[in-house]
Each structure stands twice: as structure tokens, then as C-alpha cells.
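These notes concern the structure reproduced below.
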Amino acid sequence: MNESASSLENGLPFDVCLKIASYLPVLDVCVLSRCARYWRELCSSDSIWESLVCGDGPAPLSPEIPLLW
């Protein structure tokens with residue numbers, strides 16, 4: 001992905017968008033990835049999924065559906 005072109009399109013640097021997306025619940029990351037090619041590529045990043053899986057534990061699918069473990 002051309003990070004400089006993507007930054008100009010969205011107004012935020014790629015790494016900032018990546019950091020923001022890493023705080024989203026899993027379901028929201030999946031929905032975000034369907035918005036545009038830029039977001040699909042960003043949401044496919046290993047660093048987002050590593051933070052969701054290896055961070056403080058997986059995020060709930062949504063605020064209304066808590067994890068059972």
C-alpha cells in the first residue's frame with residue numbers, strides 16, 4: 001500500500017489510523033474493512049489482529065455481547 005497516498009485521502013497518517021483501528025472490537029474491525037479498499041488493507045494488517053488477540057485478550061464482538069471467559 002502506498003502509505004503517503006492513503007494518508008492524503010484520509011487526512012491521517014497510516015500509523016495513526018492503524019492505532020485507532022486496533023482499539024476497536026473485532027466486529028467493528030470487520031465492518032470497517034468493508035468500507036473501502038484503504039480500510040480493508042489497513043484492517044488486514046497483522047498488527048491490528050496481534051493487538052486484538054495477544055493484547056489484553058480478545059475484545060468482545062460488540063459492547064452488547066460480552067466475552068464468556
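The values are calculated or read from the model by the stated rules, or taken from the named source; none is laboratory data. Source: prediction; values computed, not measured. A quick note on method: Cβ atoms are made from the backbone with ideal geometry, for glycine too, and the neighbour counts reach across all protein chains shown.
Values computed for the structure shown
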item	result
Residue selected from the range 27-41 under the condition in a helix (DSSP H, G or I) and touching a helix residue (DSSP H, G or I) at 6+ places or on another chain (Cβ under 6 Å), by the criterion surrounded by the most Cβ atoms within 10 Å (Cβ to Cβ)	VAL29
Of all residues making up the range 3-17, the number that are surrounded by fewer than 17 Cβ atoms within 10 Å (Cβ to Cβ) and modelled with pLDDT of 85 or more	4
